[in-house]
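To start, the structure under review is shown below, and the notes come after it.
The values are calculated or read from the model by the stated rules, or taken from the named source; none is laboratory data. All values derive from a computational prediction rather than experimental measurement. Backbone-built Cβ (ideal geometry, glycine too); neighbour counts: all protein chains shown. Calculation scope for accessible area: heavy atoms of the full protein, side chains included, ligands and nucleic acids excluded. Shrake-Rupley method; radii C 1.70, N 1.55, O 1.52, S 1.80 Å.
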Amino acid sequence: TVDAARTGSGEWFAGVLACGFDSRVNERANRISGPPGMARYLFALAAELRSYRPIPFRITLDGPSGTETIERRAMLVAVGNTSSYGAGMRVCPGAVPDDGLLDVTIIDAVPVGRFLRAFPRVYRGSHVTHPFVTTRRARGITLEARDVVAYADGERLGPLPLTCEIVPGALLFATPSASR
């Protein structure tokens, strides 16, 4: 069995929920009728980079050591039951899908140039060693921010505030038996 996460609105996700810069790019791409496919996403990405401003978040974590609240301006907040999303971006590289915890990655407000220079490291998961990246682990997480939409596993969930919790053993997988 593998864990899954459920939001307070009853939506389920198995991989990564993210909000901030990446969800704003998705929102922009979904609004435009421009070029098809990846070109539309890249167009939205470039447009969002020009206008993006960090978001004041309030993040409440129900973790193994108690409750913690983090209030800060951030570029992105990702909640992962698995380590990667998108085209192999390891945004929550320490996430394990059957450990009963969600991993949280917070990318603090930094100038766009610094963000872009560090961005390629997300494909190796080494971005978490940057001083502007914070990681935590929790059973439940509440994300609050104005005018921010969350996406999970590539699907639009809706606006914050949003609470999600880990549900241990929620997914069952059938796998072929090992050959002898």
(request) Only Lys, Arg, Asp and Glu count, each charged at its Cβ (+1, +1, -1, -1), so figure out the dipole size of region 1-116 about its Cα centre, rounded to 20 debye. (result) 740
(message) Can you give the FRET efficiency to the nearest 0.05 for Thr67 and Val96, using r as the Cβ-Cβ distance and R₀ = 30 Å?
(response) 0.85
(request) For region 24-79, count all C-alpha to C-alpha pairs, find those more than 16 Å apart, and express that count as a whole percent of the total. (result) 56
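Scaled to the compact-protein estimate 2.2 N^0.38 Å, what is the alpha-carbon radius of gyration of region 74-169, rounded to two decimal places?
Normalised by 2.2 N^0.38 Å, the Cα Rg of region 74-169 equals 1.06.
How much length, in nm to one decimal, is gained on full extension between Ala87 and Met38, taken as 0.36 nm per residue of separation minus their Cα-Cα distance? Write down the numbers at each step before the final one.
Working: separation 49, 0.36 × 49 = 17.64 nm, distance 1.15 nm.
The Ala87-Met38 span can extend by a further 16.5 nm.
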(message) Using the basic label-point model (7 angstrom from Cα toward the beta carbon), what is the Arg6 to Ser177 distance in nanometres?
(response) 3.3
(request) Quote the FRET efficiency, to the nearest 0.05, computed for Glu165 versus Arg121 with a Förster distance R0 of 25 Å and r equal to the Cβ-Cβ distance. (result) 0.25
(message) Return the equivalent ellipsoid semi-axes of region 75-130 as a descending list in whole Å, where each equals the square root of 5 times an eigenvalue of the C-alpha gyration tensor.
(response) 21, 12, 8
(message) Compute the angle between helix 37-51 and the longest alpha-carbon principal axis of the chain, please, reported from 0 to 90 degrees and rounded to the nearest 10.
(response) 60
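With every protein chain kept in place and ligands, DNA and RNA left out, what is the accessible area per residue of region 21-180? Probe 1.4 Å, answer in Å².
Dividing the accessible area of region 21-180 by its residue count gives 55 Å².
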(request) Please pull out the direction-averaged projected area of the chain, using the convex hull of its alpha-carbon atoms, in nm² to one decimal place. (result) 12.1
(request) Using only Cα atoms, tell me the angle between helix 21-31 and the longest principal axis of the chain; keep it within 0 to 90° and round to the nearest 10. (result) 70
(request) With θ set to phi - 60°, apply the Karplus curve 6.51 cos²θ - 1.76 cosθ + 1.60 along region 86-97 and write out the HN-Hα couplings as whole Hz, x wherever there is a Gly or Pro. (result) x, 8, x, 6, 8, 5, 10, x, x, 5, 10, x
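Using alpha-carbon pairs under 8 Å, 6+ residues apart, how would you state the relative contact order of the chain in percent?
Values: 377 pairs, mean separation 56.0, N = 180.
Relative contact order for the chain comes out at 31 percent.
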(message) Can you give me the Kirkwood hydrodynamic radius for region 113-180, using every pair of distinct Cα atoms, in Å to one decimal?
(response) 16.0
(request) Please say if region 23-127 is rounded, prolate or oblate, where rounded means a/c under 1.5 for a ≥ b ≥ c the square roots of the C-alpha gyration tensor eigenvalues, and otherwise the choice is prolate for a/b larger than b/c and oblate otherwise? (result) prolate
